[in-house]
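Notes for the one structure printed next.
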């Protein structure tokens, strides 16, 4: 069962006005969208998501105040233009992979079960993770693993992948690839806090979906679309996303930062939903012009 992370906090920092216009840039299972809609009376909510599987969930929202658009949040400005919306009162980004995507083994985001190495948010567009492993140069792979996964053994893993590829034995499933990475980075006698392939899987997912550049574009579009006193809220799940949100907020003179330090889940929320443990929320407000 998907649980929306930092739900109460995100609503608090959005400071929803009943007649305002809001954007949920990452619809997912619709938890945040539903909670926003409950607080609107005469307002409007536009939700977007790149995952085709989000559309059927959004279709269940029988509310005239609600509009769902299948799109990546990097296209946020285009979406608003198509909806004839010039400015909005708030935008919410809930980043990362949803519980539904993780729990659907065939999407290839997790290595708990054997599945094709895919990892695409939209499985009908772009290159899969296997395509990246099969075509990227050794240097490109090392850069992906180091920059997006902060993996110290990035060069060693990249070299081993290229060798295995040249021999025609490149792993094609999630479990095979996870075992392969574990074998490359294994340090005898040392117990790992996380599975040795975790950072590599994160890096591949980010590269496949161009997540960091999409986030930069989405944040820029959101900030540019805020009207005076409008708010932007970002929930991130790893340091790279959080750093982009923090630097974007600090570097934009149009914004006042509301959260001097990131808001994190309570002990109770982390106990009830372990996937919330790495979440951080940042919020900022558009200065009145």
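A few remarks follow.
- Positions within segment 65-74 being surrounded by fewer than 20 Cβ atoms within 10 Å (Cβ to Cβ) and either within 15 Å of the chain's Cα centre (by Cα) or not assigned by TED's automatic domain parsing to the domain that holds residue 221 (or both), in sequence order: 71
- The single condition among (1) over 16 Å from residue 6 (Cα atoms); (2) modelled with pLDDT of 95 or more that residue 239 does not satisfy is (2).
- Where helices (runs of 4 or more DSSP H) fall wholly inside segment 1-62, the ranges with 2 or more residues that are out of contact with any helix residue (DSSP H, G or I) (no Cβ under 6 Å at 6 or more places or on another chain) and at pLDDT 95 or above are 7-14, 31-38.
- The lone criterion from (1) assigned to a loop (DSSP other than H, G, I, E, B); (2) under 30 Å from residue 243 (Cα atoms); (3) at pLDDT 95 or above left unmet by residue 168 is number (2).
- Residue within segment 10-24 that is farther than 19 Å from residue 219 by Cα, in contact (Cβ under 8 Å) with a residue 60 or more places away in the chain and surrounded by fewer than 16 Cβ atoms within 10 Å (Cβ to Cβ) present: no
- Filter pass, residue 223 being surrounded by 14 or more Cβ atoms within 10 Å (Cβ to Cβ), touching a helix residue (DSSP H, G or I) at 6+ places or on another chain (Cβ under 7 Å) and in contact (Cβ under 8 Å) with a residue 40 or more places away in the chain: no
- Screening residue 77 with (1) more than 25 Å from residue 122 (Cα to Cα); (2) surrounded by fewer than 20 Cβ atoms within 10 Å (Cβ to Cβ) gives one miss only, at (1).
To keep it simple, each residue is scored yes or no on (1) over 18 Å from residue 150 (Cβ atoms); (2) surrounded by 19 or more Cβ atoms within 10 Å (Cβ to Cβ).
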| site | (1), (2) |
| --- | --- |
| 215 | no, yes |
| 228 | yes, no |
| 249 | yes, yes |
| 262 | yes, no |
| 268 | yes, no |
| 286 | yes, yes |
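The values are calculated or read from the model by the stated rules, or taken from the named source; none is laboratory data. Every value quoted in this text rests on a predicted model; they were computed, and no experiment measured them. Every residue, glycine among them, receives a Cβ derived from its backbone with ideal geometry; neighbour counts consider all protein chains shown.
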